[in-house]
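A short reminder: the numbers here are calculations on the coordinates, not readings from a lab. It should be emphasised that the depicted structure is a prediction, and the values quoted were computed from it without experimental measurement. Cβ coordinates were reconstructed from backbone atoms using ideal geometry, including for glycine residues, and neighbour counts include every protein chain displayed.
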Amino acid sequence: MRITKYTHACVRLEHEGRVVVIDPGVWSEPAALAGAEAVLVTHEHADHIDVLRLAGLGVPVYAPADANIAGLDVVGVTAGEDFTVADLPVRAVGGRHAFVYAGQPDCANLGYILDEAIYHPGDSLHVPDRPVETLLVPAQGSWVKTAEVIDFVKAVNPRRSFAIHDAQINDRGLSSINGWLAEETSNGYRYLRPGESL
């Protein structure tokens, strides 16, 4: 499966000529959605969903059933649910966004495990109850610190991991976080710049 990282939390997956996109937010490039057959949205925050862009796309958009997404018809999904998009099996896991301060924000957040291999957790550090080969790991946010990110990678224990949720980090900070993740985890950590694929 070809994985292409776009700005912030947006990831494009291509498998046997079919395309699924996860979390195309307002900061991600429109090119991420070219040819997409389905979109998975982890939660309602604009850095993970560009409602206007998706409203005109004409493909199914899957999102947490409890999400507050005005102006867009979505297929509601709940934690523990299994479904298929573009011939890829998907399992929704987790349930809530990580807290920032004093219990805020509190909104629905689902992680998605695709093809029993790739895990995108959205804005949470939910450890799934099954192994995954590739972890898309949130590198930075107002809701997480680097020590928690390192512990998350170790707890999930993937074969390889790549940073997402990184658009608010300058190059100096990104270098530091990448250094810590590469040094402290033994899970094939690598940073992909926006537009870079594997």
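Worth pointing out:
- Index of the failed condition, Gly122 passing every other in (1) free of Cβ contacts under 8 Å to residues at least 40 places away in the same chain; (2) of a type outside the set (Asp, Glu); (3) buried (at least 20 other Cβ atoms within 10 Å of the Cβ); (4) assigned to a loop (DSSP other than H, G, I, E, B): (1)
- Residue in the range 152-193 that is surrounded by the most Cβ atoms within 10 Å (Cβ to Cβ), counting only those that are farther than 23 Å from Trp27 by Cβ and free of Cβ contacts under 8 Å to residues at least 12 places away in the same chain: Ala182
- Among the residues of the range 47-68, those identified as in a loop (DSSP other than H, G, I, E, B), charged (D, E, K, R) and either closer than 15 Å to Asp23 by Cβ or touching a Cys at 6+ places or on another chain (Cβ under 6 Å) (or both) are Asp47, Asp50.
Yes/no per residue for (1) among the small types (Gly, Ala, Ser); (2) touching a Leu at 6+ places or on another chain (Cβ under 8 Å); (3) part of a strand (DSSP E or B); (4) surrounded by fewer than 20 Cβ atoms within 10 Å (Cβ to Cβ):
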site	(1), (2), (3), (4)
Ala70	yes, no, no, yes
Gly76	yes, no, yes, yes
Ala79	yes, yes, no, yes
Phe83	no, no, yes, yes
Val90	no, yes, yes, no
Gly94	yes, yes, yes, no
Phe99	no, no, no, yes
Asp106	no, no, no, yes
Tyr112	no, yes, yes, no
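- Subset tally (residues that are farther than 25 Å from Gly195 by Cα and either in a strand (DSSP E or B) or touching a Phe, Trp or Tyr at 6+ places or on another chain (Cβ under 7 Å) (or both)) for the range 128-143: 2
- Residue check for Asp47: of a type in the set (Asp, Glu), over 18 Å from His165 (Cα atoms) and surrounded by fewer than 21 Cβ atoms within 10 Å (Cβ to Cβ): no
- Taking the range 95-110 as the range and being in contact (Cβ under 8 Å) with a residue 24 or more places away in the chain and of a type in the set (D, E, K, R) as the test, only Arg96 passes.
- Just one residue in the set Glu116, Glu44 is within 21 Å of Phe152 (Cα to Cα) and assigned to a loop (DSSP other than H, G, I, E, B); that residue is Glu116.
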